[in-house]
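Read the structure below first, then the notes.
What follows is calculated from the coordinates using simple rules that are stated; it is not laboratory data. Since this is a predicted model, take the numbers as computed values, not measurements. Counting neighbours? That spans all protein chains shown, and the Cβs are built from the backbone with ideal geometry, glycine included.
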Amino acid sequence: MTTGPLTRGSVTRVPQEERTRAMRARLLQATVEVLVERGFGGTTTTLVSQRAGVSRGAQLHHFPTKNDLVVAAVEHLTEVRGAELAAAASRLPQGERRTREVLTMLGDHFTSPVFTAALELWVAARTDPTLLAAVAPLEQRVGREVHRLTVELLGADESRPGTRELIQATLDLVRGLGLADTITDDARRRAGILDQWALTLDAALKETP
């Protein structure tokens, strides 16, 4: 009896394409982790390959330069951020505290490691045209998706004058609170601000035009 083309004895052989995909995924995840821990300036291809458990030769084969690696990580970060937001949104409860729960979800996102990594890329992209060309369109895509998701979760009617601006102000507020948290633990102050903003947002969204 044959065991098939992917096995030899009791050992299953993983196709090369799958091994390559897994290696790239480890490298991209390691890039995000090193960005969070060391910042963009402290991120090197050597550190990333060590963290990923990948040989330098293999890493250089897939990503010859730091910029090649980081640009690929931008796309990876975009996908991770979208998946994390979608998962968090699916767990939100209904009820009177719905608005506050939505703000908590957004606050958690903008204080998460993936946001910290994205922030490092924003700062670096300001003076790096190649990186900016990769970061800008993907950040715009993330921004549109977060806005759309927030409108949906709050049940907001953007055909009403001022509602779109109110949603955008909400996202700007929460993003700003996330930035403050990168310097020091801002959880208590952030909670108080979001408590008050939830009341303000509910009142504004329920007003009859």
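Maximal additional length on extending the R144-A169 stretch stands at 7.6 nm, based on 0.36 nm per residue less the C-alpha distance. Which distance in Å, rounded to a whole number, links the C-alpha centroids of region 47-73 and region 140-158? So the two Cα centres are separated by 34 Å.
With each label modelled as a point 7 angstrom along the Cα→C-beta vector, the T127-R97 pair spans 4.5 nm.
Counting 0.36 nm for each residue step from R160 to T200 and taking away their Cα separation leaves a gain of 12.7 nm.
Spin-label model, Q29 to A83: label points 7 Å out along the Cα-to-beta-carbon direction sit 0.9 nm apart. Annotation for region 100-209: GluC sites (Glu not before Pro) lying in DSSP loop with at most 11 further Cβ atoms inside 10 Å of their Cβ are E207.
For the pair H61 and R38, label points projected 7 Å from Cα toward Cβ lie 2.3 nm apart. Taking the helices alone, the chain has a mean residue ellipticity at 222 nm of -24500 deg cm²/dmol, built from -39,500 (n - 2.57) per DSSP H run of at least 4 residues and averaged over all its residues.
If you take the square roots of the eigenvalues of the alpha-carbon gyration tensor of region 7-206 and sort them as a ≥ b ≥ c, do you get rounded (a/c under 1.5), prolate (a/b over b/c) or oblate?
Details: a/c = 2.39, a/b = 1.88, b/c = 1.27.
It is prolate, given that a/c is not under 1.5 and a/b is the larger ratio.
Loop only per DSSP, at most 14 neighbouring Cβ atoms within 10 Å: give me the trypsin sites (Lys or Arg not before Pro) in region 39-68, ordered by residue number.
Numbers: sites: R51, R56, K66; in loops: none.
Here no loop site has a sparse enough neighbourhood.
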